[in-house]
Amino acid sequence: MPIGEFARLPESPVETSSPATSPMYWMYEMGQASLNPARAFADATRLMFQNPLNPLTNTEFGKSVAASCEVFERTTRRYGKPEWRITDTQVQGVRTPVETKSVWEKPFCRLLYFQRHFVRPLREPQPRVLIVAPMSGHYATLLRGTVEAFLPNHEVYITDWSDARMVPLAAGRFDLEDYVDYVIEMLHALGGNIHIVAVCQPSVPVLAAVSRMEAENDPYIPVSMTLMGGPIDTRRNPTAVNQLAGDKGLNWFQSHVITKVPFPHPGFMRDVYPGFLQLTGFVSMNLDRHLEAHKKLFANLVKGDGDLVDKHRDFYDEYLAVMDLTAEFYLQTVDTVFIKHALPLGTMTHRGKKVDPSRIYRTALMTVEGEHDDISGLGQTEATHGLCTSIPNERRVHYVQKGVGHYGVFNGSRFRSEILPRISDFMVSSARSIPGLVPAALAAE
């Protein structure tokens, strides 16, 4: 995920005009357009060398040509937003159809509900879960595996953030204050009795939203809050991603990565941190691994190993699909989390009011970290417990998953077998022990 995982809420809006970099997006679009004939030729050549009527199709030469054409086309195309492709799940031993529907919508986000159509009634109600997906480059479908893991035993909602390139300027700005507002509005729309799970980047805005709701004695406060791999305090075990912001400074990001959306996209002239720059950052962090993966794709295409080819396609169709972020959200993110450390230092505000996690006492807290996380260092999410001092000890838990990195915190076999069961148990137990009395320290205020 990119450096801009969180945003500061400054006293005055961060200026995002960057005329020096405004042609960048236009140049990228021109490059994409200029490659269209080459991609079309490569695709036609691939089909020709895969045609069973072609005598060269089953030769080493023919297979190599077809493989080269596919690798070229896949490495130069622009990937669109992936589909969810969740059509059913297993609930209490019964295969259950799933329908994905939008239940709340604003210009920069839709709230999706994975409605399960039960063949027979549930024996008892299951926890309702709002998963707040990262708004940090990839689409919410990156959490497809997370949703699939939750679905058998939970009623699942997820935030589906919009690509800023597709949002017209008339829809206005979107910064972290708006992000926090969106989270609060969605919790209101869901009507209470909900557990919230923040995956990576949303940990700070979710914590801010719950803090403000508690301060206002909001009746729609979530029952529990699970923060997974989120840099709450990036001063702890800073990673290379964390240190980049401090080394470069806000002005560097403003002048080097902010540009304007070109015509004919709906978001024409909106200041954004474009997806293609984010993708460059993603790939450069593990360049050798990605080069090796595409070498293996070529070899597997020549060998005709369909299973390994399909796995590569599925992964990179998701990984290479990226979205633009609004410039104001990205720059405020860099400013707050990585430069100012506003949340742990107690200087973060929302709509002019202090964000104070010590006000939280009704919402239970769970934090999850990966032992080898190279994005949010070990201890950065655990720092939440030091901020939420009013939550009773019996309603809080911290868990470190051995042997996983950042992605393994919310996806993969260890997430399904070791992390998710703990989260589910925590949700059930926290729903049974909701405190009724205001802590003395808060009552005195």
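Here is a yes/no grid of residues against (1) surrounded by 24 or more Cβ atoms within 10 Å (Cβ to Cβ); (2) at pLDDT 95 or above; (3) of a type in the set (S, T, N, Q):
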site: Gly352; (1), (2), (3): no, no, no
site: Asp356; (1), (2), (3): no, yes, no
site: Ile360; (1), (2), (3): yes, yes, no
site: Val368; (1), (2), (3): yes, yes, no
site: His372; (1), (2), (3): no, no, no
site: Ser376; (1), (2), (3): yes, no, yes
site: Ala383; (1), (2), (3): no, yes, no
site: Val400; (1), (2), (3): no, yes, no
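Between a residue in the range 284-308 that is farther than 30 Å from Leu244 by Cα and any residue that is modelled with pLDDT of 90 or more and of a type in the set (Val, Ile, Thr), which pairs come within a Cβ distance under 8 Å, given they are 6 or more apart or on different chains?
Pairs that qualify, where the first residue is farther than 30 Å from Leu244 by Cα and the partner is modelled with pLDDT of 90 or more and of a type in the set (Val, Ile, Thr), are Leu297/Val71; Leu297/Val309; Phe298/Val71; Asn300/Val309; Leu301/Val71; Leu301/Val309.
Condition check ((1) out of contact with any Cys (no Cβ under 7 Å at 6 or more places or on another chain); (2) not β-branched (Val, Ile, Thr)) across all residues:
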{"position": "Pro121", "(1), (2)": "yes, yes"}
{"position": "Trp161", "(1), (2)": "no, yes"}
{"position": "Ile194", "(1), (2)": "yes, no"}
{"position": "Ala198", "(1), (2)": "yes, yes"}
{"position": "Leu207", "(1), (2)": "yes, yes"}
{"position": "Ser211", "(1), (2)": "yes, yes"}
{"position": "Pro222", "(1), (2)": "yes, yes"}
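Sort through Pro238, Pro219, Pro264 and tell me the only one that's free of Cβ contacts under 8 Å to residues at least 40 places away in the same chain and in contact with a Gly (Cβ under 8 Å, 6 or more places away or on another chain).
Pro219
From Val204, Val241, Val283, Val257, grab the single residue that is under 17 Å from Leu365 (Cβ atoms) and out of contact with any Lys or Arg (no Cβ under 8 Å at 6 or more places or on another chain).
When all the criteria are applied, what remains is Val204.
Here are the criteria: (1) of a type outside the set (Ser, Thr, Tyr); (2) surrounded by 23 or more Cβ atoms within 10 Å (Cβ to Cβ); (3) out of contact with any Cys (no Cβ under 7 Å at 6 or more places or on another chain). Tell me which single one Asp317 does not satisfy.
(2)
For every residue, the table says whether it meets (1) modelled with pLDDT under 95; (2) part of a helix (DSSP H, G or I).
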position	(1), (2)
Pro2	yes, no
Glu5	yes, no
Glu11	yes, no
Thr21	yes, no
Met30	yes, yes
Asn54	yes, no
Ser64	no, yes
Gly80	yes, no
Thr89	no, no
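Residues to consider are Phe150, Phe174; find the one that is in a helix (DSSP H, G or I), among the aromatic types (Phe, Trp, Tyr) and either touching a residue at least 60 places away in the same chain (Cβ under 8 Å) or touching an Asp or Glu at 6+ places or on another chain (Cβ under 6 Å) (or both).
Criteria check complete, one pass: Phe150.
Which of the residues that make up the range 47-82 are under 18 Å from Leu35 (Cβ atoms), touching a residue at least 60 places away in the same chain (Cβ under 8 Å) and hydroxyl-bearing (Ser, Thr, Tyr)?
Result: Ser68, Thr75, Tyr79.
Of the residues that make up the range 124-135, is at least one surrounded by fewer than 21 Cβ atoms within 10 Å (Cβ to Cβ), touching a Gly at 6+ places or on another chain (Cβ under 7 Å) and not acidic (Asp, Glu)?
no
State all residues of the range 344-390 that are closer than 21 Å to Gln243 by Cα and of a type in the set (Val, Ile, Thr); if no residue qualifies, say none.
Within the range 344-390, Thr347, Ile375, Thr381, Thr384 qualify.
Report yes if Thr336 is under 29 Å from Ala245 (Cα atoms) and assigned to a helix (DSSP H, G or I), otherwise no.
In short, yes.
Among (1) part of a loop (DSSP other than H, G, I, E, B); (2) within 30 Å of Asn286 (Cβ to Cβ), where does Arg362 come up short?
(2)
Can you find even one residue in the range 83-96 that is over 30 Å from Asp425 (Cβ atoms), of a type outside the set (Phe, Trp, Tyr) and either buried (at least 17 other Cβ atoms within 10 Å of the Cβ) or touching a residue at least 24 places away in the same chain (Cβ under 8 Å) (or both)?
Yes, some residue in the range 83-96 is over 30 Å from Asp425 (Cβ atoms), of a type outside the set (Phe, Trp, Tyr) and either buried (at least 17 other Cβ atoms within 10 Å of the Cβ) or touching a residue at least 24 places away in the same chain (Cβ under 8 Å) (or both).
The values are calculated or read from the model by the stated rules, or taken from the named source; none is laboratory data. Treat the numbers as computed from the prediction; the structure is a model and nothing was measured. Positions of Cβ are backbone-derived with ideal geometry, glycine not excepted, and every protein chain shown enters the neighbour counts.
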